[in-house]
Every structure is written in structure tokens, then in C-alpha cells.
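Structure record follows, encoded as C-alpha cells.
The values are calculated or read from the model by the stated rules, or taken from the named source; none is laboratory data. Just so we're clear, the structure is a prediction, and the values are computed from it rather than from any experiment. Quick reminder, even Gly has a Cβ in these numbers, built from the backbone with ideal geometry, and neighbours come from all protein chains shown. These area figures cover heavy atoms from the full protein model, side chains too; ligands, DNA and RNA do not enter into them. Shrake-Rupley method; radii C 1.70, N 1.55, O 1.52, S 1.80 Å.
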Amino acid sequence: MKKTEQLYEGKAKKVYATDTEDVYLVEYKDDATAFNGLKKGTIGGKGIINNKMSNHLFQILEKAGVPTHYVKELSDRETAVKKVEIVPLEVIVRNVAAGSFSKKLGIAEGTKLLVPTLEFSYKNDDLGDPMINDYYAIAIGAATRAEIDRISELAFRINDVLCAYFAERGIDLIDFKVEFGRFHGEIILADEISPDTCRLWDSGTHEKLDKDRFRRDLGKVEDAYQEVSKRLGL
Ligand code: UDP
């Protein structure tokens, strides 16, 4: 398979068309942004770690009954994926209070939630990805009721699978963001799952092993990504 023209360059990835029908190629970069692009930097080796980790987790999720866009890892930074139409929603699942949730509700970071939560943001950089609910999503045509229900079911299933998987490796899955796409009428998991899109805390020390080290200038950013990668055996 060969990549042809570049279709899109995002904050952390480039997307290319390929000579194969229904297949795109994503290339993971070391670039990092936070606060809707206000903070910019690079995290050395991040692209390689995120590519491998996302592909690894997507294969585990496939086995657990979550359809994904994963096709084949092509190189350290490149993966073939199914060509989807992205549903313009960021789907966030939380197990423990952190980040915007803690700020908004005045609940200390690290407070375990009684049940996992689910929320949606409308993917729109100009608006800063505002939080919306299912009725808004349907009303603005972002997704149908059936799609929202399927996305919600899959998001909680992803949470169950990943919580157990990370727990076995001494990591607490605090929260994460996923995105879904439409592929021949089916909703499938797309984008990535990595320390860029999850909060991952060491189960014992509660040390942050994710992009919050970059967002909050905590130092040892590369080390954290490498530690997660090592614990996952990648
Ligand atoms: N997240 C993400 N992309 C975004 C916003 C959030 O991947 O544009 C992830 C983030 O890494 C965290 C979870 O979603 O794992 C919840 O983030 P939160 O809403 O607390 O936002 P933040 O505090 O990061 O602004």
C-alpha cells in the first residue's frame, strides 16, 4: 500500500489518501498542543509511542467486540486505517474526577466517582470544543439518536476493557477521550487512544503518566510516555 496525497494535518497526526480503496494512512507526529492550541511543543518519540500503543489497544478492543478503524501498522509512525466519516463529537468517559470536571464542579482531583460518567463535546476548534448533550448533538445533526446510543454503549465497553487492562499493569485509567466514525453504515472507534488522550496515573504513587505532564509543565514528559509504553510491553 502506498500513500498518495496528504488530506489533512492535525495537531498530532497527518492523514494521507492511499492507493487502496477505503483505506487512509495516519502518520503520528511528536508535536503536542494543549489549551486549544495555545500551548505548543514537542514530546520526543511521542509519535512512535502513540502509534504503537493506540494500535495495540485497538486490537485488544476489537477482540472485546468494539469495532475499530485499525487495519495494519505500516511503520513506527504510520498506520493504515479504515476511511471513516468522523462523527464531530469528543466522547469523554471519566472514572475519577480530574481536569475540567474537577474545576467545573469543585471536586478535588483524584476523587473516585460513584459510577463512570459520559459526556460529549462538539468538535469545533473556533468554539473551543463546547460541551453539549445528546439532544444538542441530535438537534445540530452531529449524530442520530441511534448513533448516540451505540457510541455510548461502545464508550462504556471501552472503559470496562481498558480499566481492567491498565489495572493489571499498575495504572489507573482516570478518564479518556475517544472519537468515532461512520464506515459503511456502522459506528466504529477511530482516532487514537494514547497518553495524549487519556489520564493515566500510577496505581500506587498516583504519579501522572500522561499529557498532563506537558499541559502543566510537570517535567519528565518523555519519561512518562516511555513508562506507559514499557508497562504495556511495547
Ligand atoms: N481530552 C482530549 N482532547 C481534548 C480534551 C480532552 O484528549 O481536546 C482528554 C484528556 O486528555 C482527558 C479527558 O479527555 O483524558 C478529559 O479531559 P478534560 O475534559 O478534563 O479536559 P482538560 O482538563 O484536559 O482540558
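In whole percent, what relative contact order does the chain give with Cα contacts below 8 Å and a gap of six or more residues? It would help to have the intermediate numbers written out before the result.
On the way: 435 pairs, mean separation 40.8, N = 234.
So the answer I get is 17 percent.
Given an 8 Å cut-off on Cα distances and at least 6 residues of separation, report the relative contact order of segment 34-100 as a percent. Could the numbers behind the result be given before it?
Working: 37 pairs, mean separation 14.4, N = 67.
Once divided by the residue count of segment 34-100, the mean separation gives 21 percent.
For segment 14-71, what value does the Rg/Rh ratio take when both radii are computed over Cα atoms and Rh is the Kirkwood radius, given to two decimals? Before the final figure, lay out each step's value.
Working: Rg = 14.0 Å, Rh = 13.3 Å.
Result for segment 14-71 is an Rg/Rh of 1.06.
Calculate, in whole percent, how much of the Cα-Cα pair population of segment 104-171 lies beyond 14 Å.
On the way: 1625 of 2278 pairs.
Percent of Cα pairs beyond 14 Å in segment 104-171: 71.
Only helical DSSP H runs with n ≥ 4 go in: add -39500 (n - 2.57) per run for the chain, normalise by residue count and round the 222 nm mean residue ellipticity to 500 deg cm²/dmol. Numbers along the way, then the final one.
Values: 6 runs with 69 residues, N = 234.
So the calculated ellipticity at 222 nm is -9000 deg cm²/dmol.
Pick from 212, 22, 126: which residue has the top mean-square fluctuation in a GNM of the chain where Cα pairs under 10 Å get a spring?
Top of the fluctuation ranking is 126.
Report the calculated FRET efficiency for residue 145 and residue 111 (r = Cβ-Cβ distance, R0 = 45 Å), to the nearest 0.05. Working shown, then result.
Numbers: r = 32 Å, r/R0 = 0.71.
Once the sixth-power term is evaluated, E becomes 0.90.
With N set to the number of residues, divide the alpha-carbon radius of gyration of segment 45-136 by 2.2 N^0.38 Å and report two decimals. Spell out each step's value before the answer.
On the way: Rg = 16.4 Å, N = 92, 2.2 N^0.38 = 12.3 Å.
Here the Cα radius of gyration is 1.33 times the empirical estimate.
Find the accessible area per residue for the chain; the probe is 1.4 Å, ligands and nucleic acids are left out, and the unit is Å².
On the way: 11130 Å² over 234 residues.
Each residue of the chain exposes 48 Å² on average to a 1.4 Å probe.
What is the Å³ per residue value for the convex hull set by the Cα atoms of the chain?
Numbers: hull volume 30.3 nm³, N = 234.
It is 130 Å³ per residue.
Over the chain, with a Gaussian network built from C-alpha contacts below 10 Å, which listed residue (29, 11, 82) shows the highest mean-square fluctuation?
Looking only at 29, 11, 82, the biggest GNM fluctuation is shown by 11.
Could you state the orientation-averaged shadow area of the convex hull built on the Cα atoms of segment 144-221, in nm² to one decimal? List each step's numbers first, then the result.
On the way: hull surface 23.8 nm².
Dividing the Cα hull surface by four gives the mean projection, 5.9 nm².
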